[in-house]
Amino acid sequence: MELLNKLKWRYATKAMNGKVVPQGKVDNIIEAARLAPTSSGLQPFEIIVVTNKDIKEKIRKVAWNQSVVTECSHLLVFAAWDTYTEERINYMFDLTNEIRGFKNEGWENYRQQLLNSYPQKDAEENFQHASKQAYIAFSQALAAAAFEKVDATPMEGFTPDAVDDILGLREKGLRSAVLLPIGYRDASDDWLVDLPKVRKSTDDLITLVD
């Protein structure tokens, strides 16, 4: 299977060469994230695409000085909603009705169920839930990058509050969840490039309940 071969090829790239990823490939990676499934179809996150050199430099300083932040072609910041609100929930339900061209009683009842639940919860609990949804999209972007033969580095090693401040995310009702620099590996400067991929065996990872 082609996708599996590409996933075997990918690794968490530690050094990139600054080469720009063609816009078509970037678009495909982001589209894969946009198409990701999320709880109740709410898509409670946004993707901030950073190419500005100065902004990358600022983020690198609060991301353990990891070079891929500035060496990458595009830095994708997956930012989750800081909480669920009636307005945000209603927007996605209204959008569904608009695109599908009809209202469904069961769907409207489900809307009310969510309205009676999420907005009443603690904002931190809601953010943690939204962040998990962002990670689903992040994972699809990671796989799509591999499919496009674009290197990518999953990054949790950063100070979220600082990234939020640099990008003005809190003012938009967002909080950074995870970073994904994409670009092309610098094989001459990456200690990890030729090392074998290490994963648990299928027997160790999978338990069959039949």
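Which residue is surrounded by the most Cβ atoms within 10 Å (Cβ to Cβ), if the candidates are limited to segment 172-210 and must be within 27 Å of A134 (Cβ to Cβ) and among the β-branched types (V, I, T)?
Checked segment 172-210; the qualifying residue surrounded by the most Cβ atoms within 10 Å (Cβ to Cβ) is I182.
Can you pull out every residue in segment 164-173 that is assigned to a helix (DSSP H, G or I) and not acidic (D, E)?
I166, L167, R170, K172
When you scan segment 1-14, how many residues do you find that are surrounded by 11 or more Cβ atoms within 10 Å (Cβ to Cβ) and farther than 13 Å from P154 by Cα?
Number of matching residues: 5.
Among the residues of segment 106-158, which ones are in contact with a strand residue (DSSP E or B) (Cβ under 9 Å, 6 or more places away or on another chain) and among the hydroxyl-bearing types (S, T, Y)?
Matches in segment 106-158: S131, Y135, T153.
If I ask for residues that are more than 11 Å from the chain's Cα centre (by Cα) and either free of Cβ contacts under 8 Å to residues at least 60 places away in the same chain or surrounded by fewer than 20 Cβ atoms within 10 Å (Cβ to Cβ) (or both), which ones from segment 127-142 would you list? Lay out the reasoning, then the answer.
In the first step, residues of segment 127-142 are kept if they are more than 11 Å from the chain's Cα centre (by Cα); the result is 127-130.
Once the filter is applied, which keeps residues that are more than 11 Å from the chain's Cα centre (by Cα) and either free of Cβ contacts under 8 Å to residues at least 60 places away in the same chain or surrounded by fewer than 20 Cβ atoms within 10 Å (Cβ to Cβ) (or both), segment 127-142 yields F127, Q128, H129.
Kindly indicate which of E156, E148 is surrounded by fewer than 21 Cβ atoms within 10 Å (Cβ to Cβ), of a type outside the set (S, T, N, Q) and closer than 18 Å to H74 by Cβ.
Testing whether each residue is surrounded by fewer than 21 Cβ atoms within 10 Å (Cβ to Cβ), of a type outside the set (S, T, N, Q) and closer than 18 Å to H74 by Cβ leaves just E148.
Just checking, which of Y11, Y91 is assigned by TED's automatic domain parsing to the domain that holds S188 and of a type in the set (F, W, Y)?
On inspection, the qualifying residue turns out to be Y11.
Tell me, yes or no, whether segment 75-97 has at least one residue that is within 22 Å of L115 (Cβ to Cβ), within 13 Å of the chain's Cα centre (by Cα) and of a type outside the set (K, R).
Checking segment 75-97: at least one residue is within 22 Å of L115 (Cβ to Cβ), within 13 Å of the chain's Cα centre (by Cα) and of a type outside the set (K, R).
What number of residues in segment 142-163 are in a loop (DSSP other than H, G, I, E, B) and of a type in the set (D, E, K, R)?
Total satisfying the criteria: 3.
Could you tell me whether any residue of segment 178-193 is under 15 Å from the mean Cα position of the chain (by Cα), closer than 24 Å to M1 by Cβ and either among the basic types (K, R) or not in a helix (DSSP H, G or I) (or both)?
yes
The values are calculated or read from the model by the stated rules, or taken from the named source; none is laboratory data. This structure is a prediction, so every number in the text was calculated from the model and none was measured. FYI the Cβ positions are ideal-geometry reconstructions off the backbone, even for glycines, and counts take in every protein chain you see.
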